[in-house]
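Report on the following structure.
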Amino acid sequence: MASVRTVATTPYPDQRPGTSGLRKRVRVFLQPNYLENFVQAIFDAFPERRGGTLVLGGDGRHHNAEAIQVILRMAAANGFERVVVGRDGILSTPAASHLIRVRGAFGGIILSASHNPGGPEGDFGVKYNVGNGGPAPEAVTERIWAISRELREYRILEAEDLPLGRPGELRLGPMTVEVVDPVADYADLMERLFDFDRMRALFDSGLFRMRYDAMHAVTGPYAREILERRLGAPPGTVVNGEPLPDFGGGHPDPNLVHARALVEAMHGRDAPDFGAASDGDGDRNMILGRRFFVTPSDSLAVLAANAHRVPGYARGLAGVARSMPTSRALDRVAARLGIDCYETPTGWKFFGSLLDAGRITLCGEESFGTGSDHVREKDGLWAVLFWLNLLAVRREPVEAIVRAHWREHGRHYYQRHDYEGLDPDPAAALLEDLRRALPSLPGRRLGGLEVSAADDFAYTDPVSGERSERQGIRILFGEEARAVLRLSGTGTAGATLRLYLERYEPDPARHGLDPGEVLAPLAAAVDAIAGLRARLGRERPDVVT
Ligand code: G16
């Protein structure tokens with residue numbers, strides 16, 4: 001009979017979850033009891049967990065397999081009755097969210113550092129999702145952090161590793177471990193939302209080619225099942241489809257910089273019609289047409305404007321939401337549709353209450369995240385299938401669809417500039433000084449535009465009443481332009497300062513300009529106020545997306 005061991009431990013001071021769970025270098029997680037402490041803090045935050053079901057899985061990165069075994073043994077020692085775990089410990093983030101919901105689980109633990117690199121020198125992470133399938137809200141993550149700082153012991157079952165390679169039920173002490181196919185339920189859900197017959201016909205026509213880059217991360221098996229098997233796309237449509245613990249040495253972040261091979265293929269002589277990619281844990285997406293990049297903000301707006309063409313959303317949208325730094329292209333669509341558009345702080349967790357209350361159907365972020373009320377996480381492959389459904393209905397190139405959208409609604413030129421690996425103190429001081437200067441900005445002319453308002457974004461959740469402050473500095477130039485500055489909450493090395501630039505252009509004759517050129521005066525104006533280059537000692541951003 002397996003016995004429970006109570007192990008004495010010392011707290012770690014640095015286990016405060018960030019924008020999306022606890023993310024650290026693998027070597028940080030390898031410190032004695034580091035993982036165990038955090039998992040025990042999660043469990044202790046929920047005394048009512050006893051007898052409940054936990055969903056468990058991760059993106060397969062380095063340390064995933066070992067951590068899954070530890071968490072299983074700890075769940076058995078902490079009163080869970082059942083753990084539903086993906087085969088080999090694998091689940092994409094959206095698939096985990098779906099499983100939590102369909103199983104009525106108490107919650108779920110997802111092991112991932114999302115788009116951050118993996119491998120022994122890379123990153124690892126632990127996220128806790130609550131019973132609605134979404135990331136734990138801030139009140140919960142703060143409670144977990146408080147418990148972690150006082151933690152003196154954790155409980156674990158003494159037992160051998162379980163074989164997780166085949167679906168079926170296993171026993172672990174008093175607990176049942178149910179190993180499930182990570183793909184099946186999720187693929188069925190996609191089949192209910194989208195018009196698979198029409199999408200199949202698009203591939204069958206022989207007039208359409210697609211390239212999906214799984215970046216050697218978790219979505220490979222999902223994309224192969226859905227695109228190549230259920231929709232009949234030719235084999236080879238999915239590239240880099242084998243999940244690898246180090247993502248093949250790549251940086252599984254689907255953007256113009258890190259998904260370079262896909263971007264080059266989409267600009268090549270024989271480019272496919274549609275290109276897409278997803279990230280480490282499958283919740284991000286990038287959408288490309290032939291020689292054409294769709295910004296995540298535009299993608300969200302286009303999906304909202306076209307939702308009525310897709311079966312799962314044909315009944316109309318209850319409302320929509322975007323994170324504050326995301327461009328305001330979505331707001332224009334919402335105004336046209338006569339529905340509400342909510343502006344939330346960065347972090348998917350802020351959409352959960354709006355989705356649960358039925359106030360919104362679609363939501364998204366500039367950080368390559370788009371989703372809907374089908375789960376409570378952003379969903380990379382879902383966004384790709386939404387686009388594919390749209391292409392199958394409209395039978396027009398991606399670029400034509402986006403340009404038509406701009407003609408109708410105007411174009412929001414948009415860029416995000418990331419300054420990475422900064423010394424945290426000067427970066428924080430820069431924002432602090434800017435915060436102090438905010439009252440003096442309105443009325444000033446900068447880069448040919450007049451500042452209409454400047455503030456530090458604060459949000460009160462309209463459903464829960466929860467208040468979140470200091471969520472990013474906004475410098476507004478009326479409807480015409482906007483600059484936002486904030487520190488990232490997902491980095492693991494130093495600080496990352498993000499500058500988000502947006503400029504609205506209603507005139508279709510001016511929709512073909514280079515975003516970098518359109519936004520350069522705004523970037524220079526921000527530099528003049530905040531002193532980015534001088535104070536950060538950087539000539540230019542490390543990544544522009
Ligand atoms: C996470 C969050 C997103 C957020 C993104 C960037 O995504 O879930 O809501 O927009 O990080 O956050 P930050 O700007 O603070 O780095 P993911 O895909 O990394 O889980």
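Taken together, the values in this text are just the output of simple stated rules run on the coordinates, not laboratory data. From a predicted model like this one, the values you see are computed outputs, not experimental measurements. Neighbour counts run over all protein chains shown; Cβ positions are idealised from the backbone, glycine included.
Computed values, structure above
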quantity: Karplus-derived HN-Hα couplings along the range 501-518 (A = 6.51, B = -1.76, C = 1.60, θ = phi - 60°), whole Hz, x at Gly and Pro; calculated: 10, 9, 9, 8, 10, x, 7, x, 5, 10, 8, x, 7, 7, x, x, 6, 4
quantity: Residue-averaged 222 nm ellipticity for the chain, from DSSP H runs of 4+ at -39500 (n - 2.57), nearest 500; calculated: -9000 deg cm²/dmol
quantity: Which of Asp197, Asp188 has the fewest Cβ neighbours within 10 Å, and the rest in rising order; calculated: Asp197, Asp188
quantity: Whole-number D in µm²/s for the chain (Stokes-Einstein; Kirkwood sum over Cα pairs; 10 °C, 1.306 mPa s); calculated: 66
quantity: Hz values of 3J(HN,Hα) by residue in the range 256-272 - Karplus curve (6.51, -1.76, 1.60), Gly and Pro given as x; calculated: 5, 8, 8, 9, 4, 4, 5, 4, 5, 4, 6, 9, x, 5, 10, 4, x
quantity: Sorted largest first, extent of the range 3-182 alpha carbons per principal axis (Å); calculated: 39, 35, 30
quantity: Of every Cα-Cα pair in the range 234-324, the percent that sits beyond 24 Å; calculated: 32
quantity: Volume in Å³ per residue [convex hull over Cα atoms, computed for the range 186-409]; calculated: 111
quantity: Per-pair calculated FRET efficiency, R0 = 51 Å: Glu242 and Asp455 via Cβ, rounded to 0.05; calculated: 0.60
quantity: Ranking of Met199, Met286, Met324 by count of other Cβ atoms within 10 Å, fewest first; calculated: Met324, Met199, Met286
quantity: Of Gly118, Val83, Pro11, farthest towards positive along the dipole that unit charges on Lys, Arg, Asp, Glu beta carbons give the range 3-182; calculated: Pro11
quantity: Kirkwood Rh in Å, taken over all unlike Cα pairs in the range 411-544; calculated: 15.7
quantity: Order of Thr460, Thr219, Thr344 under a 10 Å beta carbon neighbour criterion, fewest first; calculated: Thr460, Thr344, Thr219
quantity: The range 240-319: chymotrypsin sites (Phe, Trp or Tyr not before Pro) falling in loop per DSSP and having at most 13 other Cβ within 10 Å; calculated: none
quantity: The range 186-409 - share of DSSP beta bridges that are antiparallel (%, nearest 5); calculated: 50
quantity: Between the range 301-373 and the range 127-142, the alpha-carbon center distance in angstrom; calculated: 20
quantity: Sites matching trypsin sites (Lys or Arg not before Pro) across the range 93-195 that sit in DSSP coil, with at most 15 neighbouring C-beta atoms within 10 Å; calculated: Arg152
quantity: Net charge, Ala523 excluded, C-beta distance under 12 Å - Lys, Arg +1, Asp, Glu -1; calculated: +1
quantity: Mean separation of Cα contacts under 8 Å (6+ apart) over length of the chain, as relative contact order %; calculated: 13
quantity: Karplus-derived HN-Hα couplings along the range 430-443 (A = 6.51, B = -1.76, C = 1.60, θ = phi - 60°), whole Hz, x at Gly and Pro; calculated: 4, 5, 4, 5, 5, 4, 5, 7, 3, x, 8, 7, x, x
quantity: When the range 108-243 is reduced to its Cα atoms, the Kirkwood hydrodynamic radius in Å; calculated: 18.7
quantity: Share antiparallel - DSSP beta bridges, the chain, percent rounded to 5; calculated: 70
quantity: Sparsely packed trypsin sites (Lys or Arg not before Pro) within the range 406-467, loop by DSSP, other Cβ within 10 Å at most 14; calculated: Arg444
